[in-house]
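Encoded as structure tokens, the structure appears first; notes follow it.
The values are calculated or read from the model by the stated rules, or taken from the named source; none is laboratory data. Keep in mind that what you see is a predicted model, and the values were worked out from it rather than measured. Virtual Cβ from ideal backbone geometry, glycine too; neighbours counted across all protein chains shown. The protein model used for the area step is the full one, side chains on, heavy atoms only, and it has no ligands, DNA or RNA in it. Shrake-Rupley method; radii C 1.70, N 1.55, O 1.52, S 1.80 Å.
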Amino acid sequence: MSDRLEVTRTIPAAASDIFAVLTDPQGHVAIDASGMLMSADGARVRSVGDQFVVHMDREALGDLPMGEYDVTVTITDFEPDTSIAWTILGTVRPPIGHVYGYSLQPQGDSTLVTSFYDWSQIAPEWRDAGIFPVISEANLKGTLGILDRTVRRGYPQASPR
């Protein structure tokens with residue numbers, strides 16, 4: 001089994017409009033298909049190292065009784081209108097080390113969007129726990145569908161860059 005999930009979807013929108021959603025902490029909440037992201041605090045990210053806080057509720061997955069908790073998202077890759085990736089730091093130690101991200105490839109009036117979830121570099125304690133992947137390929141596909149709908153509804157205009 002691979003240590004990475006990756007899904008793609010062509011979205012009929014400019015890469016810049018899609019990237020506007022992905023750089024907004026509230027955009028992450030708006031497109032989440034897992035049901036865990038409840039709200040976020042922080043400014044739009046603009047570079048590697050930028051951070052924001054996401055208020056989570058693990059009960060949505062029904063797998064662990066973690067209830068509500070916060071994580072800090074730290075941007076690890078940032079190329080405007082091309083790619084964005086991040087890792088999270090929550091309440092558990094050592095930090096888990098999994099990475100989420102997107103790559104965007106313009107294709108005429110559309111953009112091929114790839115969403116990934118990579119746990120290849122997780123701490124040994126978490127690998128031994130056998131809990132990965134935490135989210136499913138279906139969650140990633142669902143999130144891309146919600147991203148498509150969100151961009152078509154004009155989300156970047158509601159949340160200017």
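Numbers for the structure displayed
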quantity: The chain - percent relative contact order, Cα under 8 Å, separation 6 or more; calculated: 29 percent
quantity: D (Stokes-Einstein, µm²/s), Kirkwood Cα radius, region 89-161, 0.890 mPa s at 25 °C; calculated: 167 µm²/s
quantity: CD proxy at 222 nm, helix term only [per DSSP H run n ≥ 4: -39500 (n - 2.57); per residue of the chain; nearest 500]; calculated: -7000 deg cm²/dmol
quantity: Per residue accessible area in Å² of region 51-161, where ligands, DNA and RNA are left out and the probe is 1.4 Å; calculated: 51 Å²
quantity: Full-extension gain in nm, Lys141 to Arg153, via 0.36 nm per residue minus C-alpha separation; calculated: 2.4 nm
quantity: Rounded to 5, percent antiparallel among DSSP beta bridges of region 12-94; calculated: 100 percent
quantity: Burial ranking of peptide ranges 125-138, 10-23, 69-82 (average Cβ count within 10 Å, highest at the top); calculated: 10-23, 69-82, 125-138
quantity: Rounded to 10°, Cα long-axis angle of helix 137-152 versus longest principal axis of the chain; calculated: 30 degrees
quantity: Estimated distance in nm for a label pair at Ala123 and Leu61, the labels positioned 7 Å out from Cα along Cα-to-Cβ; calculated: 1.6 nm
quantity: Cα convex hull volume per residue for region 17-161 (Å³); calculated: 108 Å³
quantity: Accessible surface of region 66-152 [probe 1.4 Å, protein heavy atoms]: carbon and sulfur percent; calculated: 51 percent
